[in-house]
1. What is the order of A:LYS467, B:LYS39, A:LYS104, fewest Cβ neighbours within 10 Å to most?
2. Distances longer than 23 Å among the Cα atoms of region A:202-334: what percent of all pairs is that?
3. Give or take rounding to whole Å, what are the principal axis extents of the alpha carbon atoms in region A:107-196, in descending order?
4. Treating only the Cα positions of region A:87-149 as identical point scatterers, give the base-10 log of I(q)/I(0) from the Debye formula at each q in 0.13, 0.22, 0.25 Å⁻¹.
5. For region B:54-193, evaluate the Debye formula with one uniform point scatterer on each Cα (no solvent term) and list log10 I(q)/I(0) at q = 0.12, 0.16 Å⁻¹, rounded to two decimals.
6. Quick check: Cα centre of region A:522-548 to Cα centre of region A:439-477, how many Å?
7. Whole-Å semi-axes of region A:256-395's equivalent ellipsoid, largest first, each the root of 5 times a Cα gyration tensor eigenvalue?
8. Could you list A:ARG103, A:ARG599 so that the one with the fewest beta carbons within 10 Å of its beta carbon is first and the one with the most is last?
Amino acid sequence: MSIASPALRLRTNSDQLLSRLLTPLLPKPILSWRLVQQVPRGLGTATLSDSDVPYRNQLKKEAKRRRAVKHLSNEETEKKDARLEKWELTVGIEVHAQLNTERKLFSRARTSIDAEPNSHVAVFDLAYPGTQPNFQKATLIPALRAAIAFNCTIQRRSRFDRKHYFYPDQPAGYQITQYYEPYAKNGSIILYDHDGIDPEDGHSVTIAIKQIQMEQDTAKTIQQDSVTLLDFNRVSHPLIEIITLPQIHSPQTAAACVKKIQATLQAVNAVTTGMEMGGLRADVNVSVRLRDCPGELAASSSYSGITGLGQRTEIKNLSSFKAVEDAIIAERDRQIEVLESGGVIEGETRGWTLGNTATTRLRGKEGEVDYRYMPDPDLAPIIISEELITHISDTLPELPDTSLKELVDDFKLTLKDAKTLISIDDGKRLAYFDQVLAGLVKALRAEEYQGTLEQCLRDPSITKADKVEYARLVANWAIHEYGSVTASSESASVTAEKRPIVLVHVLQYLVKKKITGQSAKKLFLLALETPGRPVGELIKEENLELKDIPRAEYLRMAQGLIDANQETAEKVRKGHQGKLMWFVGQMMKDGKGSIEAQRAKEVLEELLAVGSS
Amino acid sequence: MAARWMERGMLMARQRLHFTPSFTRLVRPYVGPAAKHVKDIELMLAEPSWSVNSLFTSHHSPATESQVSKKQLHHLLRLSALPLPANEAEEAKMLKDLESQLRFVQAIQRVDTDGVEPLVSLRDETEEATKESEVTVDTLKEDFAKETVTGIRGRIGRSDPAKKEEEEDWDALACAPKTVGRYIALDNKVSAP
């Protein structure tokens with residue numbers, strides 16, 4: 001029996017206190033409040049972050065780091081930091097992600113990202129007295145996709161609870177979340193070395209996910225000098241909070257974990273935007289303990305069922321992968337410093353701003369009791385049918401790990417190219433690659449192919465073995481040439497993604513040696529900029545067709561270049577390979593797209609007697 | 001219908017609560033359909049069987065001994081976004097009230113609820129009703145229909161943007177005491193509520 005029965009409402013002045021502490025039955029709009037120095041609890045507003053660094057640069061850095069570590073001798077590793085040998089870091093992560101839904105969690109108001117402030121708000125979202133939550137069942141679709149992608153056990157029955165605190169970004173005075181009975185439990189995420197984990201974690205590490213819960217986002221607040229501006233479009237946007245067990249022992253692995261959580265959520269269409277756009281936010285809890293500590297020195301804190309941990313602190317609102325890594329490093333070092341100088345770690349909430357070298361205290365951590373969690377009596381339990389779980393599981397999009405395995409193991413792409421294809425353009429580039437590859441195989445078989453590329457993808461006569469031959473070529477074009485045409489021409493960037501057939505035709509002529517690689521690049525841009533013109537026609541019109549230039553002509557051109565560049569030629573004779581390629585380049589330039597690089601090279605090698613001396 | 005609901009609620013409450021002997025005495029016995037005679041009812045209503053006062057007084061912690069410190073009071077007020085006491089007299093009054101409320105709560109806490117699932121709200125918990133509220137593929141068929149699946153990797157997208165419904169058709173700023181443009185504005189320093 002709930003104590004929140006109206007019969008128990010008392011009479012005195014402090015009724016208010018008791019009722020706010022124990023019986024927060026009616027949502028009240030709390031529009032007056034005292035400014036408390038607190039972190040806003042919603043997902044941070046969009047900020048420019050380090051994740052705007054082009055993705056391939058990031059991959060390069062990762063590869064460099066991996067190589068550097070390989071070359072590090074044991075002695076150097078030992079010297080790295082004696083303190084880290086003594087102290088072990090433990091990290092648990094909470095990721096809040098905005099679900100990709102049409103409507104809010106408890107009203108029919110639409111979700112939005114950049115809409116006019118306060119234009120997508122229902123009365124319930126502003127906690128008008130007497131309004132009732134109306135759970136939007138469709139929000140379960142992305143929530144379940146996320147939970148299944150992380151191998152969670154879906155709870156057939158889950159419930160919503162109220163977490164009470166007063167802050168203007170959350171007008172009811174409580175956030176509706178799932179505290180006692182979350183919808184998903186006991187999941188896991190496997191991080192591999194190619195995900196960028198700490199080399200000390202070996203080939204792979206499995207991080208357990210304790211639970212995933214659904215909850216409301218808060219309003220967007222803008223702090224000004226004398227006022228705080230509130231936009232309630234975001235209030236009650238559905239979120240999931242993914243909570244890992246404290247099983248991470250390296251800042252680098254923690255960042256890799258958040259990165260992989262984001263990639264997985266994006267792959268299954270559970271979220272609309274990533275961290276850089278504010279669609280994801282991470283909180284980390286950090287503690288350290290002595291690695292070998294018998295008896296009385298043993299760390300005694302425990303949480304999430306893991307015992308023997310040091311006192312933890314929580315760092316909130318990290319909005320980039322780099323911030324996750326750097327904040328953990330700074331907090332780890334601070335805690336070791338405090339402990340080594342005889343101090344005690346306080347359980348508290350700390351903040352981190354990018355570019356800082358230290359975390360700063362924000363507030364003492366509220367005990368969970370201070371949130372006065374209680375089941376929300378206005379919301380019925382959610383009952384999910386077995387059949388729905390099966391359906392969502394069966395139709396789950398392919399996860400990035402599976403795509404990566406296919407691209408690297410079967411299609412023999414480099415790890416870097418495979419990761420690039422998977423991650424850029426939110427998965428669209430990989431779809432483009434698939435279409436062009438299947439289309440190319442088909443086009444090379446039949447001169448006149450009438451079907452669509454989408455049909456091609458499902459053509460059972462195109463096997464994986466057929467594709468392997470051209471996979472690297474198509475990947476190279478889908479990454480590099482696609483990138484350069486869309487960068488060089490505005491109109492091409494509009495149409496490239498929508499017209500994969502253009503690349504199919506260009507590559508078809510290239511593979512058949514009807515055009516040179518150089519002409520193919522020119523043709524690709526041209527075809528994208530002039531929609532409606534068949535590629536074959538453009539080749540004729542622009543005179544791009546590879547003419548069968550006689551060997552004599554090659555010899556004449558090569559000799560002319562050698563005569564004009566005697567010094568360079570001498571270097572080639574002495575074995576300077578780079579200079580040979582310079583000659584090849586010059587020949588191709590002079591030939592205006594009619595010279596084949598391979599033939600030019602052969603002729604030059606012959607004339608300069610490379611390799612024969 | 002309403003009567004059936006009430007009856008069911010009472011029944012559920014009885015099933016859930018195993019009263020301790022001391023508490024049972026305080027509670028008026030349940031009058032079921034068996035009480036047919038008006039006389040029985042009159043008889044029962046003639047004398048009060050318990051009083052709220054009994055909940056406020058009879059306790060192991062004597063009323064003189066303070067259970068709540070001033071620090072705790074302030075902490076609770078802060079959590080509740082309520083103003084701190086203006087003077088000592090007000091503080092003493094608050095503490096006294098809180099003490100008495102706590103004793104009331106403690107009386108309720110003494111009910112033995114071991115093995116009793118908390119009742120969150122009154123709902124139809126029958127098998128049929130549970131089945132009816134179950135979210136199935138069919139429940140969400142319109143939402144699934146809006147999704148598009150492309151490529152060989154099952155990539156999911158959504159076709160059309162959601163349509164505006166009447167729940168959004170009101171002026172969210174109408175009751176805001178202060179606005180700046182389309183924003184609701186709050187003064188950073190306001191007097192305590």
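1. Values: A:LYS467 17, B:LYS39 9, A:LYS104 29.
So the ranking, lowest neighbour count to highest, is B:LYS39, A:LYS467, A:LYS104.
2. Details: 3856 of 8778 pairs.
Value for region A:202-334: 44 percent of Cα pairs lie more than 23 Å apart.
3. 49, 31, 26
4. Result of the Debye calculation: -0.50, -0.99, -1.12.
5. -0.95, -1.02
6. Using only Cα atoms to place each centre, the spacing works out to 21 Å.
7. Numbers: eigenvalues 222, 93, 55 Å².
Three semi-axes, in Å: 33, 22, 17.
8. Working: A:ARG103 24, A:ARG599 14.
In increasing order of surrounding Cβ atoms, one gets A:ARG599, A:ARG103.
Read-outs throughout are calculated quantities, based only on the coordinates presented, and are distinct from any laboratory measurement. Predicted model only: the values in this text are computed from it and were never measured. No Cβ is skipped: glycine too gets one built from the backbone with ideal geometry, and neighbour counts run over all protein chains shown.
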